[in-house]
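Only one structure is covered here, and it is reproduced in the block below.
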Amino acid sequence: MARINDDYRKLQAGYLFPEIGKRTREFQAANPAAELIRLGIGDITLPLVPAVVEALREAASEMGRDDGVHGYGDEQGYAFLREAICEHDYAARGVAIAPEDVFVSDGSKQDSGNIQEIFGRACRVVVTDPSYPVYVDTNVMAGRSGEATPSGHYEGIDYLAATAENGFCPGPPEHAADLAYLCSPNNPTGAVASRENLEAWVAWARASDAILIFDAAYDAFIQDDALPHSIYEIEGAKECAIEMRSFSKRAGFTGVRCAYTVGPGGLVGTDAAGVAVSIRDLWSRRHATKFNGTPYVIQRAAAAVFGEAGKQQTAEQVAYYMQNARRIREALGAAGFDVFGGEHAPYIWMRTPEGLSSWDFFDQLLAKTSVIGTPGSGFGPAGEGYFRLSAFNSHANVDLAIERIRGSFAA
Ligand code: MLT
């Protein structure tokens, strides 16, 4: 019989969102009249903007013509999209990124889960706690951890607690490590890293020869232009950081699928003999071996996000969601709930009321209000006692959810 990968057996629970889906389905089956309000998984609710729909239509028509056939594309992504990314996401903020350093993919979840493959099994990994579960789980699957401890941490992985005291943006550890995952604006806490915080991380990474894996999937939600959108806005980051960005939340692509990873040419790791090896070349090798490229029509749609109409229309959608974030933060805050985030991110991070555990609050919230959120403990042990509400829904549903929460729980 085939021997399985025993590292998978170390995983403590099923993936967070399927568990939420299961509990929600069970509740709906038992309460068919309940009108659910979904503020759980950060999934968009607004339709694709007209500029994107038009680009999809045009690209599909082109593919149906003799002179418009597109088969396998460049695994790394079409030049038109990589160039647009460099111009609009980077040059516009004073950062020079070369198109050959950009790798277009079908999602940041995949990229942030797959990136660890190009690093050695012995690499020491640092995560903030709580964090997007993909970072920890994929390293556990790859054998970079020991067993789970009673606290819910995995042996061999370094956790830095993100707490109210440090603004949910811990600084680097005291010791050296090899890989550190950072996410700003943060999922799940909604915190955004300051320039000083990122400078400290870059300085640490350079001093320890570590690589930062910077997940900027939510950068479009930053409201203050002075805050860094990219780790490459920090001097020296091109020599120590990989960055990931996504079209999912900024342009409603969760069901369309397009993202990208940047691996600057100057970024290196070392092999067993201590010889420097280009990270970009390794990622390119992996990408070309395991991926045949994001579909042409999807890349055309992503490029439309950078056109004048696309920029304006997607900015309006982001603003719509951010109005929801503000409503939740202000209304629950005014009612005495302890709320964080939601200023530069589509997530509100709240302390669970009445001393409930994260999952108990999930269950009670569902039972009393039919509102679905995400238990903070699903993102790591330091998330226990917290709860995440997402701003992806209609204004009417968000207002209704606020009213139901205020009416059902004591702050
Ligand atoms: C979330 O709700 O945390 C995100 O939507 C999950 C994801 O982007 O994969």
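The values are calculated or read from the model by the stated rules, or taken from the named source; none is laboratory data. On a predicted model such as this, the values are computed, not experimentally measured, just so you know. Cβ sites come from the backbone with ideal geometry, for glycine too, and all protein chains shown count toward neighbours. Ligands, DNA and RNA are stripped out before the accessible areas are found, and what is left, the full protein with its side chains, is counted by its heavy atoms. Shrake-Rupley method; radii C 1.70, N 1.55, O 1.52, S 1.80 Å.
Label the stretch 53-307 by shape, choosing from rounded, prolate and oblate, from the square roots a ≥ b ≥ c of the eigenvalues of the Cα gyration tensor; if a/c is under 1.5 it is rounded, and otherwise prolate applies when a/b is larger than b/c, oblate when it is not. In terms of gyration-tensor shape, prolate. Within the stretch 194-272, none of the trypsin sites (Lys or Arg not before Pro) combine a DSSP coil assignment with at most 12 other C-beta atoms in a 10 angstrom radius. So, in Å, what gap is there between the alpha-carbon centers of the stretch 24-84 and the stretch 268-286? Distance between centres, Cα-based: 34 Å.
Here the 3J(HN,Hα) profile of the stretch 33-42, calculated from phi with Karplus coefficients 6.51, -1.76 and 1.60 at θ = phi - 60°, is 7, 5, 9, 6, 10, 9, 10, x, 4, x Hz, Gly and Pro shown as x.
Taking 15 Å as the straight-line reach from the Cα of Lys22, the aspartates and glutamates in range (excluding those fewer than 8 positions away in the same chain) are Asp363.
Accessible area per residue for the stretch 53-307 is 39 Å², calculated with a 1.4 Å probe on protein heavy atoms, without ligands, DNA or RNA. Mean sequence separation of contacting Cα pairs (under 8 Å, at least six apart), scaled by the length of the chain, corresponds to a relative contact order of 23 percent.
Give the accessible area for Thr289 in Å² (nearest 10); use a 1.4 Å probe, count only protein heavy atoms, and leave out ligands, DNA and RNA. Approximately 90 Å² of Thr289 is accessible to the 1.4 Å probe. Please build a GNM for the chain, connecting alpha carbons under 10 Å apart, and tell me which residue among Asn197, Asn393, Asn187 fluctuates the most. Top of the fluctuation ranking is Asn197.
The string of couplings for the stretch 180-188 from the Karplus curve (6.51, -1.76, 1.60, θ = phi - 60°) is 9, 9, 10, 9, 8, x, 8, 9, x Hz, one whole number per residue in order, with x for Gly and Pro. Think of a 1.4 Å ball rolled over the protein heavy atoms: the stretch 323-408 then has 33 Å² of accessible area per residue. When shorter helices are ignored and each DSSP H run of at least 4 residues is given -39500 (n - 2.57), the per-residue value for the chain at 222 nm works out to -11000 deg cm²/dmol. Taking every alpha-carbon pair under 8 Å whose residues sit at least 6 apart, the stretch 274-401 reaches a relative contact order of 20 percent. Tally Lys/Arg at +1 and Asp/Glu at -1 over every other residue whose Cβ is under 10 Å from the Cβ of Leu366; what's the total? Taking every other residue near Leu366 into account, the sum is 0.
Across the stretch 101-117, no residue has a backbone nitrogen under 11 Å from the label position 7 Å along the beta-carbon direction of Tyr72.
Mean-square fluctuations from a GNM of the chain, with a 10 angstrom spring cutoff on Cα atoms, peak among Tyr72, Tyr218, Tyr135 at Tyr72.
Please say if the stretch 23-167 is rounded, prolate or oblate, where rounded means a/c under 1.5 for a ≥ b ≥ c the square roots of the C-alpha gyration tensor eigenvalues, and otherwise the choice is prolate for a/b larger than b/c and oblate otherwise? The shape class here is oblate. Within the chain, the longest run free of exposed loop sites, counting GluC sites (Glu not before Pro) that sit outside DSSP helix and strand states (H, G, I, E, B) and have at most 14 other Cβ atoms within 10 Å, spans 236-411. Charge dipole of the chain (Cα centre as origin; +1 on each Lys and Arg Cβ, -1 on each Asp and Glu Cβ, all else neutral): 920 debye, rounded to the nearest 20. When only alpha carbons are used to place a centre, the stretch 345-410 and the stretch 102-136 end up 27 Å from one another. By a 1.4 Å probe calculation restricted to protein chains, Phe80 has an accessible surface near 50 Å², given to the nearest 10.
Of the residues Phe379, Phe337, Phe168, the one that moves most in a GNM of the chain with alpha-carbon contacts below 10 Å is Phe337. For the stretch 66-74, the Karplus equation 6.51 cos²θ - 1.76 cosθ + 1.60, evaluated at θ = phi - 60°, returns couplings of 3, 8, x, 5, 10, x, 4, x, 5 Hz by residue, with Gly and Pro reported as x.
Would you work out if the stretch 1-69 is rounded, prolate or oblate? Take a ≥ b ≥ c from the square roots of the eigenvalues of the alpha-carbon gyration tensor; rounded if a/c is under 1.5, else prolate when a/b is larger than b/c, oblate otherwise. The shape class here is oblate.
What a 1.4 Å probe finds exposed on the chain is 50% carbon and sulfur by accessible area, rounded to a whole percent. Among the listed pairs Lys249/Lys290; Lys10/Lys368; Lys10/Lys290, which are separated by more than 28 Å between their Cα atoms? Those over the limit are Lys10/Lys368. Within the assembled protein chains, the solvent-accessible surface assigned to Cys183 is about 20 Å², based on a 1.4 Å probe.
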